[in-house]
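The values are calculated or read from the model by the stated rules, or taken from the named source; none is laboratory data. Note that the structure is a prediction, hence the values are computed from the model and not measured. No Cβ is skipped: glycine too gets one built from the backbone with ideal geometry, and neighbour counts run over all protein chains shown.
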Amino acid sequence: MHGAIADYTESGGSSYNRGFAYEKLGEIEKAIADYTEVIERLESPDVPAWARHVNSSLPREGYGNRISLDELKEIRDRLVGTPR
């Protein structure tokens, strides 16, 4: 997972995928920060409604490979309530 984080960071890759890796490592604050960045980007008026999703490199249990904006908010909000 640490290698995936480095790859996503260096390549300018998906903040969602990097956040997912952080989440799997238990680095919840970093995951929340990445998810929040993606949410803010997807909420931009420049992003059409049909494009308000992210593609996950790995299937996410209960969600699959395509995560909608609303699903991403649900994931982020669940993590916000996670004890650290």
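In the condition set (1) more than 18 Å from S14 (Cα to Cα); (2) at pLDDT below 95; (3) not hydrophobic (A, V, I, L, M, F, W, C), D77 is compliant with all but (2).
Residues checked against (1) over 16 Å from T82 (Cα atoms); (2) of a type in the set (G, A, S); (3) touching a strand residue (DSSP E or B) at 6+ places or on another chain (Cβ under 9 Å); (4) not in a strand (DSSP E or B):
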{"site": "N17", "(1), (2), (3), (4)": "yes, no, yes, yes"}
{"site": "F20", "(1), (2), (3), (4)": "no, no, yes, yes"}
{"site": "A31", "(1), (2), (3), (4)": "no, yes, no, yes"}
{"site": "Y35", "(1), (2), (3), (4)": "no, no, no, yes"}
{"site": "V38", "(1), (2), (3), (4)": "yes, no, yes, yes"}
{"site": "R41", "(1), (2), (3), (4)": "yes, no, no, yes"}
{"site": "W50", "(1), (2), (3), (4)": "yes, no, no, yes"}
{"site": "S56", "(1), (2), (3), (4)": "yes, yes, yes, no"}
{"site": "I67", "(1), (2), (3), (4)": "yes, no, yes, no"}
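State the number of residues belonging to the range 33-62 that are hydroxyl-bearing (S, T, Y) and either at pLDDT 95 or above or over 12 Å from the mean Cα position of the chain (by Cα) (or both).
Of the residues in the range 33-62, the ones hydroxyl-bearing (S, T, Y) are 35-36, 44, 56-57.
This time we only want the ones that are either at pLDDT 95 or above or over 12 Å from the mean Cα position of the chain (by Cα) (or both), so: 35-36, 44.
The total comes to 3.
The set of residues in the range 62-79 that are within 17 Å of I28 (Cβ to Cβ) and either loosely packed, with under 11 Cβ neighbours inside 10 Å or not β-branched (V, I, T) (or both) comprises L72, K73, E74, R76, D77, R78, L79.
Filtered by the rule that a residue be within 18 Å of R52 (Cα to Cα) and either surrounded by fewer than 16 Cβ atoms within 10 Å (Cβ to Cβ) or more than 11 Å from the chain's Cα centre (by Cα) (or both), the range 12-32 gives a lone residue, G13.
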